[in-house]
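Structure first, commentary second.
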Amino acid sequence: MALIQVNYLSCALYRTVPVNVVLPIDRIDYDKAEYLSQSRGPFKTLYLLHGLLGNHTDWISGSRIQRWAEEKNLAVVMPSGENAFYFDGRNPHSDYGRFIGEELPDITRRMFPLSDKREDTYIAGLSMGGYGAIRNGIVYSDKFSHVAGLSAAVHFFEYEEEDENVLGLLDDKEYAKKTDLNPKVAIDELIAQKRPMPEFYLACGRQDDLMPANEDLRDYLIEKGADVTWVEEDAGHEWDFWDDQIRKVLEWLPL
């Protein structure tokens with residue numbers, strides 16, 4: 001397994017962006033000091049999004065994703081989403097939704113031997129990245145067949161409390177609630193347009209303040225006919241929970 005950092009000029013964001021990539025390579029027989037034969041792709045791929053205040057290094061430093069991916073012969077692509085919640089912002093050169101849903105899969109497939117099949121392409125994330133994975137997994141469901149949201153920050157369209165981290169990115173929260181920035185609206189539009197619906201894995205800690213919003217979204221997706229795997233455990237908003245859950249996400253994926 002190789003850990004590669006890529007820096008490339010993003011058209012969606014109009015600047016050079018960093019991306020970490022975990023890529024399967026031949027395993028080594030340490031006794032014989034030689035490589036073992038292993039598949040060279042095209043690899044099934046997980047696009048994995050970090051949370052607020054994080055960057056492309058978070059999942060490597062905070063979890064054992066590299067080990068889990070190696071065991072599954074899975075490629076993992078981890079971009080930096082800054083604090084932009086992975087949707088197209090109101091400012092110029094802030095098309096984070098297009099960056100995640102269109103540009104990143106296309107350009108990483110040109111760089112690495114990744115499968116271009118929808119059934120081999122997945123998206124997941126934690127907190128802010130959980131929201132980004134769910135929203136973009138629905139909006140760009142032609143790209144992603146499986147979506148995992150861990151402690152997803154899906155609360156800001158449904159509850160009265162003001163989330164300054166998000167509101168600074170929106171012109172009008174009430175208007176945004178009626179657009180596909182809201183995962184509920186996004187799933188309604190998906191159904192109306194008869195686009196393929198991804199399968200969902202949602203997990204949240206019972207002591208996490210985001211639990212009610214995640215339960216609400218779970219119920220809405222199930223009501224709309226989505227295939228939802230739901231996991232709740234005694235945990236807060238913390239890396240021990242996310243590390244354990246990303247291993248379970250990989251068990252859930254069709255690898």
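Values in this text are rule-based calculations from the coordinates and carry no lab data. It should be emphasised that the depicted structure is a prediction, and the values quoted were computed from it without experimental measurement. Counting neighbours? That spans all protein chains shown, and the Cβs are built from the backbone with ideal geometry, glycine included.
For every helix of n ≥ 4 consecutive DSSP H residues, a contribution of -39,500 (n - 2.57) applies; sum these over the chain, divide by its total residues, and give [θ] at 222 nm rounded to the nearest 500 deg cm²/dmol.
-8500 deg cm²/dmol
Determine how many Å³ per residue the convex hull of the Cα atoms of the chain encloses.
So the per-residue hull volume is 121 Å³.
Take each of the peptides 244-252, 78-86, average the number of other beta-carbon atoms within 10 Å over its residues, and list them starting from the highest.
Going from most to least packed, we get 78-86, 244-252.
Can you tell which of Q245, Y14, A186 lies farthest toward the positive end of the dipole of the chain, using +1 and -1 charges on the Cβ of basic and acidic side chains (Lys, Arg; Asp, Glu)?
Y14
Quick one: dipole size for the chain, taken about the Cα centre, charges +1 on Lys/Arg Cβ and -1 on Asp/Glu Cβ, in debye to the nearest 20.
Roughly 1180 debye, rounded to the nearest 20.
Tell me which of H93, A235, G130 sits at the most positive position along the dipole axis of the chain, charges placed on C-beta atoms (Lys, Arg +1; Asp, Glu -1).
Of the candidates, H93 comes out farthest on the positive side.
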